[in-house]
Amino acid sequence: MDQPQTIKYYQTGTFTVGNRLLSEDQRSVQSGMERTNSLNSGHRACQGCGEALGARYAIDAAMRATGNKVICVNATGCLEVFSTPYPETSWQVPWIHSLFGNAAAVASGVAAAQRALGRDDVRVIAQGGDGGTTDIGFGCLSGMFERNDDVLYICYDNEAYMNTGVQRSSATPPAARTATTPALGPEPGNVFGTGKNVPLIAMAHRIPYVATASVANLRDLEAKVTRAMQIRGARYLHIFVPCPLGWGSASEDTIRLARLAVESGLYPLFEARHGKVTSRTTIRRPVPVTDYLKLQKRFAHLFGKAPDTVRIAQIQRMADQNIADFGLIE
Amino acid sequence: MDKPFAITLDPGSSLANKTGAWRTLRPLYVDRLPPCNHACPAGENIQGWLFHAESGDYEQAWRVLVEDNPLPAIMGRVCYHPCETSCNRGQLDEAVGINSVERFLGDEAIKRGWAFVPPSAESGKRVLVVGAGPSGLSAAYHLRRLGHAVTIKEAGPLAGGMMRFGIPKYRLPRDVLDAEVARIVAMGVKLEVNAKVANIADTMAAGGFDAAFLAVGAHIGKRAFIPAGEAARILDAVSVLRDMEGEEKPLLGRRVVVYGGGNTALDVARTAKRMGATEAIIVYRRTREKMPAHESELQEALEEGVLVKWLTTIRKVTDGGSLIVEKMVLDAKGFPQPTGETEELQADSLVLALGQDVDLALLEGVPGLEVKDGVVQVRANMMTGAPGIFAGGDMVPSERTVTVAVGHGKKAARHIDAWLNGTTYSPRPKHELAGIDKMNTWYYADAPKTVRPQIELARRTDTFDEVVHGLDETNALFEARRCLSCGNCFECDNCYGVCPDNAVIKLGPGKRFEFNLDYCKGCGICVSECPCGAIKMVPEPT
Ligand SMILES: Cc1cc2nc3c(=O)[nH]c(=O)nc-3n(C[C@H](O)[C@H](O)[C@H](O)COP(=O)(O)OP(=O)(O)OC[C@H]3O[C@@H](n4cnc5c(N)ncnc54)[C@H](O)[C@@H]3O)c2cc1C
Ligand SMILES: Cc1ncc(C[n+]2csc(CCOP(=O)(O)OP(=O)(O)O)c2C)c(N)n1
Ligand code: SF4
Ligand code: SF4
Ligand code: SF4
């Protein structure tokens, strides 16, 4: 829809943040000098934090889409810890910290309060990490979906409980080493066949809007947030945010990793309305999963002198399955 | 700035927390040398002028271009474009059509009458330029820009050198050449034609010149010893092509054989075809791979029906006017060796295209001058062994192309200027090369090269109309925008957008960016996501 596919500035295509040759209406929020910087400088996220990036992209876009009328509810997790060590805050939006598990419920309450006040211009966003979303806050989230509360819930998925020292979550990928799934024994790392796919679960609630996004595709992410803010009712956005510390990756590789996750098929980008997939972003330059895995120490035990070809092949099959299921290659 | 809705925070904001203190490396905006600029013999700032062309500002693009090369419309037709051979985009899909955009700009300048700006002040020095070929014209232009009074003495009736008396019209229309020469003259360069310099020392003394630049080219066709009868019609390529410019066209006949394998051989053969020869055969001693002529020109010649006999040499011309040719084989080192196997070829004329020698008569008696292998030796500053006498182009050791000649002219002008001022010129140190390893090519859209149209074959072989046409405004713009802007920021805003710490300050259109080192944690994302390699990480100063 408003993804500017028609832009043909060949130095950039649609892939860079901006370009001096673009007209005002084709510019991304992030290229604007007037962007909110919702999550401001001085926050204490690690070098190269994907979650800090994802949160600014998303909330800045929501601010533009709503004429700056956004209230954020934040679960406990990295995003809260690095942005608001009391009494200091990085947030340039009204922001409430709830508990680890109840952001969705608190956001539903804020939305109800707005309704009671007769304000339909102020929009509510709940946000949290994958631990707070897929595990601890899952009940509240499902309730919010089921009641179709007018909230956009954003999950910043860094694939583990990062803020408390990299423990496994139900979004941790198989074979990944975390503090609770060490690279030891006959089946090192996180086991295969467990975990949850919350975007698909959200779709099963048949809510108006579900989408996945990534910090590697900024224009796509902004377009999805914009679209979500044009819809009323329960909405869910799952954003892929690499974590240099937890993944053991180089801080400069954050966006590259997010890109490789998409291009390998491990992280499909799609949108769904009322439970049906309505669009997907096809893979532009396909890569094998090893390109992605090798840049991360959490998968180092798969490589080394005798590569674990069985597990690598299993992960490749997951990627291939996504490619087939979502039609990621034309 | 108005605060967004319900914002109250200022005191207690995280801005008090200077996270830049965490940094061990810091990003630095740099300009790297694009491989195209690096490969251009005329030292053009290609990425620099494409940058303006991309926004549709063709005049500014042209002005940046002519800072280094005053002949863009000519270059856009005859330059063999080594820039494109080294263009980074060639490793993605196809090289940027630099040469076609250059031609577009050159033609646009002629069409719109863009003129050079005369110098703002006169230096009071007088410089003599001998020869109005590309090298002489380029030197004259640059010397004039530096404020010197320049006189070009040219032996021929018109300026241009080999561009006029060698390169055929179907590759370089003469009105284009005339327009670019006229623009240089309009700047205040004095051009004297039919003014052959017989002795350089005398001419300098007589004219009161403070320095001279020699660019007399290489015009004497090389001969090979071929036994021939009385009646044999043996011509040399340079004379044939030169005569094409005069009233009396050379008589070549219906069956023309050309001996040689360079661009000149192709030009003569293609010219012969256009003059009505039913057959134009090139006889070359080696194979196609070993041919020094450029592939594109060979291709065009073959399309036009020029035939080539590979691995063949000419042994003698019989009295009856036929040629005895011998088959050759390449030895292990790639040298052609005779086989003894011969054959007879009918020919009305044989044109030798075996290279050119330099006529050095004007240098007779100049002390200090050094000639080796038939060419004049120059130092790194283009000065000959005689103080104040500089030389360039085909008459000095180098590759013989128009662009190299233009480059020599520019380089010599800078050194002559320094010499006249009693100083030395030292060029700015070159930036580090922007190789493909410095780029993040993910960000560039796929865009195939725009090909220049050619006139149809039928018209190509019987007229001297220009074979290759130019781009029009829309596809010139498309082509310019295919440039990756290697090593130089093109304001894509990526660094500004991808910094997790908002530590990049956008300064506004045309002003690029700055780092806010109070908050930059030194993660390096801006560096790895800059498409064109315009940022690098450097150690934090201690
Ligand atoms: C047939 C042919 C085709 C070519 N095609 C191409 C091509 O497509 N692309 C390319 O890059 N290169 C091409 N070249 C090579 C290119 O033309 C030369 O390398 C280039 O012109 C050399 O420039 P110059 O200024 O050194 O000398 P020239 O262009 O040879 O100019 C020298 C000038 O000096 C004058 N002169 C000589 N002696 C005196 C004197 N004593 N006093 C006064 N004036 C004098 C001459 O009349 C001439 O005008 C071609 C060459 C030939 C022969
Ligand atoms: C009920 C409860 N259990 C445990 C905690 C401790 N805790 C705080 S944040 C956190 C992990 C957060 O992980 P995630 O939600 O994935 O966010 P991230 O830090 O990775 O962004 C934990 C376990 C808590 N605050 N409340
Ligand atoms: S892409 Fe542009 S800057 Fe890079 S080498 Fe090619 S023409 Fe030069
Ligand atoms: S992305 Fe930001 S924090 Fe990282 S090095 Fe660049 S300016 Fe510094
Ligand atoms: S990322 Fe874009 S805007 Fe930033 S330096 Fe590189 S080219 Fe310029």
Please work out the FRET efficiency for the pair A:R147 and A:N197, using the Cβ-Cβ distance as r and a Förster radius of 30 Å; give the result to the nearest 0.05. 0.85
Using Cβ counts within 10 Å as a stand-in for footprinting exposure, how do B:E364, B:E279 rank, fewest first? B:E364, B:E279
Diffusion coefficient in µm²/s returned for the range A:117-258 by Stokes-Einstein, Kirkwood Rh over C-alpha pairs, 37 °C and 0.692 mPa s, is 204 µm²/s
What does the highest-first list of B:87-94, A:180-187 look like by mean Cβ count within 10 Å? B:87-94, A:180-187
Given the C-alpha centroids of the range A:237-259 and the range B:65-116, what is the distance between them in whole angstrom? 42 Å
Alpha-carbon centroids, the range B:342-387 and the range B:431-490: separation in whole Å: 36 Å
Applying the Karplus parametrisation 6.51 cos²θ - 1.76 cosθ + 1.60 with θ = phi - 60° to the phi angles of the range A:169-184, what ³J(HN,Hα) value in whole Hz is obtained for each residue in order, glycine and proline being reported as x? 10, 6, 9, 5, x, x, 6, 6, 7, 10, 4, 9, 10, x, 7, 10
The range A:1-143, convex hull of Cα, quarter of hull surface, nm² -> 10.4 nm²
Expressed as a whole number, the average count of other chain Cβ atoms within 10 Å around the Cβ atoms of B:18-26 is 2
Specify the angular offset, from 0 to 90 degrees and rounded to the nearest 10, of the alpha carbon long axis of helix A:50-66 from the longest principal axis of the alpha carbons in chain A. 30 degrees
At q = 0.08, 0.13, 0.14 Å⁻¹, what is the log10 ratio I(q)/I(0) for chain A, with the Debye formula run over Cα points and no solvent? -0.35, -0.96, -1.12
Calculated Rg and Dmax of the range B:41-92 using C-alpha coordinates, Å: 11.3, 31
With the dipole of chain A worked out from charges on the C-beta (+1 for Lys and Arg, -1 for Asp and Glu) around the Cα centre, which of A:S169, A:A61, A:C49 lies farthest toward the positive end? A:A61
Percent breakdown of C-alpha pair distances by 5 Å bin, ordered from the shortest bin, for the range B:250-353: 3, 14, 25, 23, 20, 12, 4, 1, 0
For the protein assembly as shown, percent of DSSP beta bridges that are antiparallel (nearest 5) comes out at 35 percent
Using modelled backbone amide H atoms (1.01 Å from N, in-plane), which distant-in-sequence or interchain residues come within less than 5 Å of B:I282's amide H? B:V258, B:L307, B:V308, B:K309
Can you pull the Kirkwood radius for the range B:402-450, inverse mean 1/r over Cα pairs, to one decimal in Å? 14.8 Å
DSSP beta bridges in the range B:250-353 [antiparallel fraction, %, rounded to 5]: 50 percent
For the range A:279-300 versus the range B:268-332, the gap between their alpha-carbon centres in whole angstrom: 55 Å
Per-residue average of other protein chain Cβ atoms inside 10 Å, peptide A:33-43 -> 6
Violating pairs (Cα-Cα greater than 30 angstrom) within the set B:K273/B:K410; B:K3/B:K521; B:K372/B:K411: B:K273/B:K410
Quick check for me: using +1 on Lys/Arg Cβ and -1 on Asp/Glu Cβ, what's the dipole size of the protein assembly as shown about its Cα centre, in debye to the nearest 20? 1340 debye
Determine by what factor the alpha-carbon radius of gyration of the range B:420-506 differs from 2.2 N^0.38 Å, reporting the quotient. 1.81
Can you give the local net charge around B:I525? Use residues other than it whose beta-carbon is closer than 15 angstrom to its beta-carbon, Lys and Arg +1, Asp and Glu -1. +1
Determine ³J(HN,Hα), in whole Hz, for all residues of the range B:455-469 in sequence, where each value follows from phi through the Karplus function 6.51 cos²θ - 1.76 cosθ + 1.60 and θ = phi - 60°; x replaces Gly and Pro. 6, 5, 3, 3, 6, 5, 8, 10, 10, 9, 4, 4, 6, 9, 9
Where Rh is the Kirkwood radius over the Cα pairs of the protein assembly as shown, the temperature 4 °C and the viscosity 1.567 mPa s, what D in µm²/s does Stokes-Einstein return? 41 µm²/s
Between the Cα axis of helix A:103-116 and the main Cα principal axis of chain A, the angle (0 to 90°, nearest 10) is 10 degrees
Quick one: net charge around B:A218, please, counting Lys, Arg +1 and Asp, Glu -1 for every other residue with C-beta under 9 Å from its C-beta. -2
For chain B, build the charge dipole from Cβ charges (+1 Lys, Arg; -1 Asp, Glu) around the Cα centre, then report which of B:S135, B:M383, B:A413 sits farthest towards its positive end. B:M383
Calculate the dipole size of the range A:34-326 relative to its Cα centre from +1 charges on Lys and Arg beta carbons and -1 charges on Asp and Glu beta carbons; express the result in debye to the nearest 20. 420 debye
Per-residue mean of other chain beta-carbon atoms within 10 angstrom of the beta-carbon, peptide B:486-495? 5
For the range B:362-416, state what percent of all Cα-Cα pairs lands in each successive 5 Å bin, counting from 0 Å until the bin that includes the largest distance. 4, 21, 32, 25, 14, 3, 0
Out of the chymotrypsin sites (Phe, Trp or Tyr not before Pro) in the range B:198-287, which ones are loop residues according to DSSP with at most 10 other C-beta atoms within 10 Å? B:F225
Under the 7 Å Cα-to-Cβ spin-label approximation, B:Q346 and B:K327 lie apart by a distance in nanometres of 2.3 nm
As an exercise, identify the chymotrypsin sites (Phe, Trp or Tyr not before Pro) in the range A:72-127 lying in DSSP coil whose Cβ has no more than 14 other Cβ atoms within 10 Å. none
Output ³J(HN,Hα) for the range A:276-293: one whole-Hz value per residue in order, computed from phi by the Karplus curve 6.51 cos²θ - 1.76 cosθ + 1.60 with θ = phi - 60°, and x for Gly and Pro. 10, 5, 10, 7, 9, 9, 6, 6, 8, 10, x, 9, x, 4, 4, 4, 7, 5
For B:E94, distant residues with modelled amide H under 5 Å away: B:K449
Tell me the net charge near B:V101. Cut-off is 12 Å between Cβ atoms, B:V101 excluded, with +1 for each Lys or Arg and -1 for each Asp or Glu. -4
Ignoring solvent entirely, what values of log10 I(q)/I(0) come out of the Debye formula for the range B:142-206 at 0.20, 0.23 Å⁻¹ when each Cα is a single scatterer? -0.90, -1.06
Collect residues whose amide H, placed 1.01 Å from N in the peptide plane, falls under 5 Å from the amide H of A:A213; neighbours closer than 5 in sequence don't count. A:H238, A:I239, A:F240
Using only alpha carbons, build the gyration tensor for chain B and give me the equivalent ellipsoid semi-axes, biggest first, whole Å. 50, 30, 22
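Read the figures in this text as sums done on the coordinates, not as results from a lab. Because the structure is a prediction, the values reported are computed rather than measured. Glycine also receives a Cβ, built like all others from the backbone with ideal geometry; neighbour counts cover every protein chain displayed.
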